[in-house]
1. Based on the Cα gyration tensor of region 37-97, what are the three equivalent ellipsoid semi-axes, each the root of five times an eigenvalue, rounded to whole Å and given largest first?
2. Evaluate the Debye formula for the chain with equal point scatterers sitting on the alpha carbons, no solvent, and hand back log10 of I(q)/I(0) at q = 0.12, 0.15 Å⁻¹, in q order, two decimals.
3. Over the chain, give the accessible area per residue in Å² for a 1.4 Å probe, as an integer.
4. What's the angle, to the nearest 10 degrees (0 to 90), between helix 111-126's Cα axis and the longest principal axis of the chain?
5. Compute the angle between helix 207-220 and the longest alpha-carbon principal axis of the chain, please, reported from 0 to 90 degrees and rounded to the nearest 10.
6. Could you work out which residue, out of Leu124, Leu17, Leu28, moves most in a Gaussian network model of the chain, that is, has the largest mean-square fluctuation with Cα springs under 10 Å?
7. Of the heavy-atom accessible surface of region 1-91 (probe 1.4 angstrom), what whole percent is carbon and sulfur?
8. If you place +1 on the Cβ of every Lys and Arg and -1 on the Cβ of every Asp and Glu, how big does the dipole about the Cα centre of region 148-218 come out, in debye to the nearest 20?
Amino acid sequence: MTNKEIFDLFIPLVDFLGEIMGENTEVLLHDLSHPDHSVIAISHGFHSDRRIGSPVTDLVLDIQDSRRYDQENYMTNYRAVSKGRQYLSSSYFIKNGSELIGMLCLNTDIQAAQTFTEAMKKFLKATNLGAFLDESGQTGTVQESLDAPIASLTQTIISRTILESGINPERMTKNEKMHIVWNLTDQDIPRMKGAVAEIAKQLQLSESTVYRYISQHEKKG
């Protein structure tokens, strides 16, 4: 199957799951071939103010880099934050063969549950039943920011790519800098707003040089 055929199967599930889970849960579908505008379907996006065309989050990038999807098909019950509110989140890894092409994500606002829990704690304490309340349960150590702005996201990707090269930009040769730009081009990073200026800044190049390297790579490819 092509990537498009796979996504065509998942897109209807977004509204379906949104109906089942209710307005308290945001459901969205990422197409990871375009990290700067990865969201291709969303239900109840008011939770994070995301919409079709919004970018990926920091956690999505970490999953791609770590290749966690090679060993697992999904992540469940991790913590996410948006606009100061806590969410319980789960993500399904969408693959075409061994390639991670997308993610189906559910983020449930747990504010009501937290309010209820606090009220229950007060009740149990007032009735001397507090000893029976188990406070050891956790929702996991993974945390995601659903509010990651595209500028911050771009800076993170560029910095990470440079860091992975193991060479400080001040000591890089012309060819080493050029290959960093090519690597970022393969990730579609230069298409992100402000990315070329950020690449130039971090690699200590002129923007015209970055554009030239991109053009050379596209002609080569």
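The values are calculated or read from the model by the stated rules, or taken from the named source; none is laboratory data. Note that the coordinates shown come from a computational prediction; the quantities given were computed from them, not determined experimentally. Cβ: placed from backbone, ideal geometry, glycine included. Neighbour counts: every protein chain shown. Heavy atoms of the whole protein, side chains included, go into the accessibility calculation; ligands, DNA and RNA do not. Shrake-Rupley method; radii C 1.70, N 1.55, O 1.52, S 1.80 Å.
1. Result for region 37-97: semi-axes of 21, 15, 11 Å.
2. -0.75, -1.02
3. On the way: 12520 Å² over 221 residues.
I get 57 Å² per residue for this part.
4. Approximately 40 degrees, to the nearest ten.
5. Its long axis makes an angle of about 80 degrees.
6. Top of the fluctuation ranking is Leu124.
7. On the way: 2410 of 4630 Å².
Carbon plus sulfur share of accessible area: 52 percent.
8. Here region 148-218 has a charge dipole of around 140 debye.
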